[in-house]
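A.B. asks: Got a structure here, written out as structure tokens. Questions coming.
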Amino acid sequence: MKARWVPHLWGLFTPGVTLLGLYLGGWWMGATLLLLLVVYPLVELVLGQSSETQPLQEGRAHSTIAHLHALCVPVVLAVLLWRVSIQGLDQMMFLGILSAGLSNGASGIVSAHELGHRRPRSASWWTARLSLFSVLYLHFTTEHNHTHHRHWARDVDPTSSPWGRSIYAHLLQTIPRQVAGAYRARPIDTRNVLVLQGIWLIALTVIGWPYLLACILQAAVAVYLLEFVNYIQHHGLRRGEDERAQAVHAWESRHRLSRWTLLELPLHPSHHLKSSTPFHRLDVHDDAPKLPFGYYGMFWLALLPPLFSRMMRAQHLRLQA
């Protein structure tokens with residue numbers, strides 16, 4: 001069967017635009033903002049949805065794309081810090097920081113989510129760790145693999161948001177709970193990565209506070225994107241302590257653009273039912289609840305909690321009818 005990996009190259013357009021914008025400087029540094037927050041939501045509506053999957057296809061090219069996403073994260077951070085060294089932290093520079101954060105959030109999500117499930121201490125696993133280090137979120141792999149994948153869609157899972165909780169309230173709760181969960185699962189590893197990140201921030205402080213601030217701010221934007229994805233993937237869906245995990249406990253989206261640019265991340269139920277499945281072999285599940293929009297549209301919806309809650313509940317009730 002012919003591997004259809006070409007559409008997934010689209011996701012690399014985001015870090016490419018970000019790097020070009022940082023290199024050119026000026027208003028070009030805001031190109032990623034326009035791309036991800038305006039162009040992609042509109043294109044997503046135009047391209048519509050697709051249920052087509054190829055769970056038996058060979059995935060060498062797909063794996064290469066995932067690794068490129070991971071490597072783009074530290075490269076974008078390095079170029080951002082280079083731009084700061086030239087321009088300083090003027091008002092225009094904050095466009096570059098936001099763009100870098102959005103790009104690193106998008107690439108970091110897909111690479112950490114995909115490569116973080118590879119064999120521990122393998123080259124792919126370390127590549128995922130490098131991308132997470134660049135956004136100061138190294139504990140994610142531990143928490144995600146040892147807590148989230150064990151308790152997803154349960155109250156004990158810090159990443160599974162209940163009905164009625166806004167994205168803002170969720171962020172305040174989930175981040176510290178995830179750090180604590182990672183520490184409980186792997187205390188020595190978690191302590192070591194927190195110390196390593198602390199050393200990195202101290203080094204940036206010594207070099208100059210503009211570098212420190214740029215690094216922290218881009219990381220904050222990237223982490224917001226990652227946690228936004230966690231927020232919508234299981235929102236309102238719950239299972240009991242003894243209830244077997246099923247596709248109905250995770251939201252699915254079949255929107256083409258989200259699937260292509262985020263390496264099939266929206267086929268989340270399939271990922272949870274067998275986490276070792278590489279992204280190019282994920283499948284659709286007809287019994288899984290469907291998000292009202294793709295991930296790019298859901299980004300804007302989540303910013304409006306009353307509307308988000310109303311639409312998600314209505315969508316869930318409609319699918320259950």
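A short reminder: the numbers here are calculations on the coordinates, not readings from a lab. These numbers were taken from a predicted model, which means no experiment stands behind them. Note that we place each Cβ from the backbone using ideal geometry, even for glycine, and neighbour counts take in every protein chain shown.
A.B. asks: Taking log10 I(q)/I(0) by the Debye sum over Cα atoms at q = 0.10 Å⁻¹ straight from the coordinates, which label in [x] -0.54; [y] -0.73; [z] -0.84 is the correct one?
C.D. replies: [x]
A.B. asks: Once both labels are modelled 7 Å past Cα along the beta-carbon direction, what's the Arg184-Trp125 spacing in nm?
C.D. replies: Calculated label separation equals 2.3 nm.
A.B. asks: Related question: Once R0 is set to 25 Å, what does the formula 1/(1 + (r/R0)^6) return for the Cβ-Cβ distance between Ala203 and Leu71, expressed as a FRET efficiency to the nearest 0.05?
C.D. replies: Using R0 = 25 Å, I get an efficiency of 0.70.
A.B. asks: Just to be sure I understand the model, the point goes 7 Å from the Cα along the line to the Cβ. What's the resulting Leu47 to Leu20 distance in nm?
C.D. replies: 1.7
A.B. asks: Follow-up. Go through the range 248-261 residue by residue and turn each phi into a ³J(HN,Hα) via Karplus (6.51, -1.76, 1.60, θ = phi - 60°); whole Hz please, and just put x for glycine and proline.
C.D. replies: 5, 9, 8, 7, 10, 9, 10, 5, 4, 5, 5, 5, 6, 6
A.B. asks: Tell me, in nm to one decimal, what length is gained between Arg150 and Asp286 on full extension, where the rule is 0.36 nm per residue of separation less the Cα-Cα distance?
C.D. replies: Separation in residues times 0.36 nm, less the Cα-Cα distance, equals 46.7 nm.
A.B. asks: Among Thr14, Thr127, Thr205, which one shows the highest mean-square fluctuation when the chain is modelled as a Gaussian network with alpha-carbon springs under 10 Å?
C.D. replies: Ranking Thr14, Thr127, Thr205 by mean-square fluctuation puts Thr205 first.
A.B. asks: Between Lys290 and residues 5 or more places away or on another chain, which pairs have amide H atoms under 5 Å apart, with H built 1.01 Å from N, and which residues are they?
C.D. replies: When sequence neighbours closer than 5 places are left aside, the close amide H contacts are Glu252.
A.B. asks: Give me Met311, Met93 ranked fewest to most by other Cβ atoms within 10 Å of their Cβ, as a rough exposure proxy.
C.D. replies: Met311, Met93
A.B. asks: Kindly put Asp286, Asp155, Asp189 in sequence by how many other C-beta atoms sit within 10 Å of each C-beta, fewest to most.
C.D. replies: Sorted ascending by nearby Cβ count, the order is Asp286, Asp155, Asp189.
A.B. asks: OK, next. Subtract the Cα-Cα distance of Arg177 and Val195 from 0.36 nm times their separation in residues, and report this length gain in nm to one decimal.
C.D. replies: Full-extension gain reported as 4.7 nm.
A.B. asks: Moving on to the next point. Mind telling me which of Ser63, Ser276, Ser111 comes out most flexible in a GNM of the chain, alpha-carbon contacts under 10 Å?
C.D. replies: In this elastic network of the chain, the residue with the biggest mean-square fluctuation among Ser63, Ser276, Ser111 is Ser276.
A.B. asks: What list do you get for Ser122, Ser161, Ser107 if you sort them by fewest beta carbons within 10 Å?
C.D. replies: Ser122, Ser161, Ser107
A.B. asks: If the elastic network links every pair of Cα atoms under 10 Å, which of His285, His67, His113 fluctuates the most in the Gaussian network model of the chain?
C.D. replies: The residue with the greatest mean-square fluctuation here is His285.
A.B. asks: Okay, moving on. Using θ = phi - 60° and the Karplus curve 6.51 cos²θ - 1.76 cosθ + 1.60, what whole-Hz ³J(HN,Hα) does each residue of the range 148-159 get, with Gly and Pro shown as x?
C.D. replies: 4, 6, 8, 10, 3, 6, 10, 4, 6, 7, x, 8
A.B. asks: Step through the residues of the range 64-76 one at a time and calculate ³J(HN,Hα) from phi using the Karplus curve (6.51 cos²θ - 1.76 cosθ + 1.60, θ = phi - 60°), rounding each to whole Hz and writing x for Gly and Pro.
C.D. replies: 4, 4, 4, 5, 5, 4, 4, 6, 5, 5, x, 5, 4
A.B. asks: What FRET efficiency would be calculated for the residue pair Glu243, Val39, taking the C-beta separation as r and a Förster radius of 41 Å, to the nearest 0.05?
C.D. replies: E(calc), rounded to 0.05, equals 0.50.
A.B. asks: Quickly work out the Arg313-to-Ser276 label distance, labels modelled 7 Å from Cα along the C-beta direction, and quote it in nm with one decimal.
C.D. replies: 4.2
A.B. asks: I would also like to ask the following. Which value, in debye to the nearest 20, gives the size of the charge dipole of the chain about its Cα centre, when Lys and Arg are +1 and Asp and Glu are -1 at the Cβ?
C.D. replies: That gives the chain a dipole magnitude of about 340 debye.
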